[in-house]
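The structure appears below as structure tokens.
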Amino acid sequence: MIIGSVLLILLVAYGLMRFLIAQKEPPPVRRTLEARRYVKVEPVKYTKIAAEVSERGRLSSIAEIDIVAEAAGRIEPGQVALKKGARFSKGDVLFVVYPDEAILSLKARKSQYQNTLASILPDLAIDFPEAEENFMEFFSSINVDKALPPMPEIVDAKLKIFLASRNVISEYYNIQRDELQLERRTIRAPFNGTYLDVYMELGAYINAGGRVARAIQTDNLEMEVPVKRDDATWINLGDPVEVVSEARSLTWKGRVIRKSQFVDENTQRQSIFILIEPNSKQTLLAGEYLRAIFPVRPIEHVMEIPRNSVFNSNEVFVVKEGRLAKEDINVVKVNERTLIFNGITEGDTLVVQQLINVSEGTMVQTDKEATDRPGQGPGGPGQGREAAAGTRANR
């Protein structure tokens with residue numbers, strides 16, 4: 001009896017529990033949300049682009065020479081200090097190789113030559129009277145302190161034989177050679193420039209052919225710009241070039257004067273040489289670095305985008321039906337910060353920013369959509385309708 005009552009109570013309790021459970025509403029199912037990435041896009045539109053090549057280069061002098069002594073002797077001062085960095089102008093006396101002994105020797109030789117001419121003048125008056133007056137004037141015009149005057153023209157063959165037998169002709173040219181050697185003891189500046197290095201001091205003895213200094217021209221500079229082999233094909237001799245300082249505050253005009261016919265084996269770049277026109281605003285110095293901007297011919301049917309929006313050398317993301325898709329492009333030219341391309345369908349929505357940790361098929365929201373629907377761009381609440389639906393579901 002008691003056992004039956006207990007079983008009855010348990011059955012009733014179990015049935016009541018099942019009934020109450022059946023009456024309870026099922027909990028709402030939370031929908032899985034897929035986050036949207038915000039991306040900057042531009043429609044693909046091909047135009048004509050006037051591309052340019054911009055590279056850094058180093059200034060150097062078009063003339064860099066060794067200054068050597070052409071005679072032996074002691075180095076004496078000229079008009080310019082014989083020191084590294086000293087400036088000089090074209091024609092200035094840089095230094096002199098002790099000339100006193102050579103000067104005296106030349107004077108003695110001219111005097112001896114006058115003696116030779118004086119000894120033949122009586123013979124000329126008898127045998128060659130038509131030449132006497134000319135050689136008398138020549139004799140009278142010789143000054144040991146000045147260069148030899150021109151010798152009278154010799155037309156008569158017999159007169160030439162007579163003068164050659166008396167060493168008049170050969171001695172004349174020997175004296176001219178000594179005059180030239182004396183001039184070479186005075187070293188003059190061949191251009192406006194400065195000493196790059198100095199190897200000898202004033203008062204030192206120098207042998208003929210010895211190096212005294214190294215100099216560069218400072219008023220005529222050129223710029224060597226290593227450029228990529230592909231970019232070099234766009235550049236031609238005579239092309240105008242804009243040269244700017246690193247801060248782009250000063251500019252100079254230049255033109256392409258040479259292209260190297262080889263590629264540097266280390267950098268794989270081809271050198272372009274630019275002649276720069278002087279600028280009164282600032283003096284250019286050999287050794288400094290500037291940036292050269294080469295304008296090249298326009299490129300048809302292309303588009304320019306930031307370089308960081310391209311990955312794997314030639315792949316980009318486009319947006320199709322709200323998701324990312326990869327496309328291959330044809331790279332036409334690579335600039336410092338941008339890239340010029342074609343090869344994808346005009347009108348496609350192209351991503352023009354760098355994307356990190358994304359894959360093909362990722363759901364995205366473009367900046368154009370954010371403009372059309374305010375409050376749903378970056379920093380806006382929820383990033384779209386899915387986020388709003390999720391918020392209601394959480395409640």
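The residue list Glu315, Glu277, Glu327, Glu224 contains one member that is modelled with pLDDT under 90 and on the phi < 0 side of the Ramachandran plot, which is Glu277.
Out of all the residues in the range 132-168, which are out of contact with any Pro (no Cβ under 7 Å at 6 or more places or on another chain), in a helix (DSSP H, G or I), open to solvent by less than 40 Å² (accessible area, probe 1.4 Å) and farther than 17 Å from Lys107 by Cα? Listed by number, the residues that qualify are Leu159, Phe162, Leu163. Going by the structure shown, is Leu350 under 26 Å from the mean Cα position of the chain (by Cα) and not small (Gly, Ala, Ser)? Spelling it out, it is not the case that Leu350 is under 26 Å from the mean Cα position of the chain (by Cα) and not small (Gly, Ala, Ser).
Every listed requirement among (1) in contact with an Asp or Glu (Cβ under 6 Å, 6 or more places away or on another chain); (2) at pLDDT below 95 is met by Ser260 save one, (1).
Conditions (1) touching a helix residue (DSSP H, G or I) at 6+ places or on another chain (Cβ under 6 Å); (2) open to solvent by 30 Å² or more (accessible area, probe 1.4 Å); (3) touching a residue at least 12 places away in the same chain (Cβ under 8 Å), marked per residue:
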| residue | (1), (2), (3) |
| --- | --- |
| Glu288 | no, yes, yes |
| Val310 | no, no, yes |
| Lys326 | no, yes, yes |
| Asn335 | no, no, yes |
| Thr345 | no, yes, yes |
| Ile356 | no, yes, no |
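Can you tell me which condition Val296 does not meet? The list is (1) at pLDDT below 90; (2) open to solvent by 40 Å² or more (accessible area, probe 1.4 Å), and all the others hold. For Val296, the exception is condition (2). Sub-8 Å Cβ pairs linking a first residue in the range 87-106 that is touching a residue at least 24 places away in the same chain (Cβ under 8 Å) and assigned to a helix (DSSP H, G or I) to a second residue that is polar (S, T, N, Q) and open to solvent by 20 Å² or more (accessible area, probe 1.4 Å), at least 6 apart or interchain, are Ala102/Gln181, ordered by first then second residue. Exactly one residue out of Met363, Met303 is touching a Phe, Trp or Tyr at 6+ places or on another chain (Cβ under 6 Å) and either over 27 Å from Asp239 (Cα atoms) or at pLDDT 90 or above (or both), and it is Met303. In this entry, Thr283 passes the filter for residues that are assigned to a loop (DSSP other than H, G, I, E, B), without any contact (Cβ under 8 Å) to a residue 24 or more places away in the chain and among the β-branched types (Val, Ile, Thr). Within the set Ile75, Ile65, the sole residue that is open to solvent by less than 10 Å² (accessible area, probe 1.4 Å), over 25 Å from Asp230 (Cβ atoms) and in a strand (DSSP E or B) turns out to be Ile75.
From the list Leu284, Leu250, Leu237, the lone residue that is under 20 Å from Ser60 (Cβ atoms), over 12 Å from the mean Cα position of the chain (by Cα), open to solvent by 50 Å² or more (accessible area, probe 1.4 Å) and of a type in the set (A, V, I, L, M) is Leu237. Taking the range 187-234 as the range and being under 25 Å from Gly73 (Cα atoms), surrounded by 15 or more Cβ atoms within 10 Å (Cβ to Cβ) and among the polar types (S, T, N, Q) as the test, only Thr194 passes.
The values are calculated or read from the model by the stated rules, or taken from the named source; none is laboratory data. Because the structure is predicted, anything quoted here is derived from the model rather than measured. Glycine gets a Cβ as well: all are built from the backbone with ideal geometry, and neighbour counts include every protein chain shown. Quick note on the areas: whole protein, heavy atoms, side chains included, nothing else; ligands and nucleic acids left out. Shrake-Rupley method; radii C 1.70, N 1.55, O 1.52, S 1.80 Å.
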